[in-house]
1. Here are 5, 25, 14, 33: which of them is in a loop (DSSP other than H, G, I, E, B) and farther than 27 Å from residue 176 by Cβ?
2. Assuming residue 225 fulfils every condition listed in (1) assigned to a loop (DSSP other than H, G, I, E, B); (2) modelled with pLDDT of 95 or more apart from one, which condition is it?
3. Tally time: how many residues in the stretch 37-65 are within 21 Å of the chain's Cα centre (by Cα) and within 22 Å of residue 7 (Cβ to Cβ)?
4. Go through (1) under 22 Å from the mean Cα position of the chain (by Cα); (2) assigned by TED's automatic domain parsing to the domain that holds residue 22 one by one and return the number of the condition residue 89 breaks.
5. Can you tell me which residues in the stretch 90-127 are surrounded by 17 or more Cβ atoms within 10 Å (Cβ to Cβ) and either touching a strand residue (DSSP E or B) at 6+ places or on another chain (Cβ under 6 Å) or in a loop (DSSP other than H, G, I, E, B) (or both)?
6. Working only within the stretch 25-41, note down all residues that are touching a helix residue (DSSP H, G or I) at 6+ places or on another chain (Cβ under 9 Å) and modelled with pLDDT of 90 or more.
7. Could you check, for the stretch 151-160, whether at least one of its residues is free of Cβ contacts under 8 Å to residues at least 12 places away in the same chain and closer than 30 Å to residue 16 by Cβ?
């Protein structure tokens, strides 16, 4: 974004950058930047905290009044990333005849619906809708357990987007199952991949596809690179 800022400015469009990595902003030197020492993926800081988010935006837009640049200002609040998996109770198994990940996804559906009703918006939908998450996990479960991924009927046709929708479905549901403020992004990531059947299934299917010769990056971006 810092590089794009120079391009927009050259076209006569004033810009403000919300910086997440200070070293990048220092090196690229966009005309105006507010550095926010927040967890990556949360440029406005605290989820669901409208007052805090508005403060970030007010400080950013205030830089438009500066007569010249480059200007790099730090937001006064530092938010440390929380990497401990969130404490989130998954509903108990209901149908033991189903793969654990499928039964689990069905079990958290009510929590997902509550989250959708409360927020009025969802980020699920790149490839599949929320109703398709259990069947999508059934496909991944089959791949993880030996089915040829090239012949599997992958919902939506894009396995990377599919895995993103599954994880988003889980994380939005989890916000209705935990107490206290919204956790950091890495805490949610760790919970999904380390504590849920769905996360374990995604990782196992990813490994199976890699070992079966799937081309990079088809399998790689089914989960974060550090996984």
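The values are calculated or read from the model by the stated rules, or taken from the named source; none is laboratory data. This is a predicted model, so every value here is computed, not measured. Cβ sites come from the backbone with ideal geometry, for glycine too, and all protein chains shown count toward neighbours.
1. 14
2. Here residue 225 meets the rest and fails (2).
3. Final tally of qualifying residues: 1.
4. So residue 89 meets the others, but not (2).
5. Of everything in the stretch 90-127, those that are surrounded by 17 or more Cβ atoms within 10 Å (Cβ to Cβ) and either touching a strand residue (DSSP E or B) at 6+ places or on another chain (Cβ under 6 Å) or in a loop (DSSP other than H, G, I, E, B) (or both) turn out to be 90, 98, 99, 108, 124, 127.
6. Listed by number, the residues that qualify are 25, 27, 28, 29, 30, 31, 32, 33, 34, 35, 36, 37.
7. Checked the stretch 151-160: no residue is free of Cβ contacts under 8 Å to residues at least 12 places away in the same chain and closer than 30 Å to residue 16 by Cβ.
Results for (1) more than 19 Å from the chain's Cα centre (by Cα); (2) surrounded by 12 or more Cβ atoms within 10 Å (Cβ to Cβ); (3) within 19 Å of residue 68 (Cα to Cα), shown as yes or no for each residue.
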residue	(1), (2), (3)
23	yes, no, no
27	yes, no, yes
31	yes, yes, yes
35	yes, yes, yes
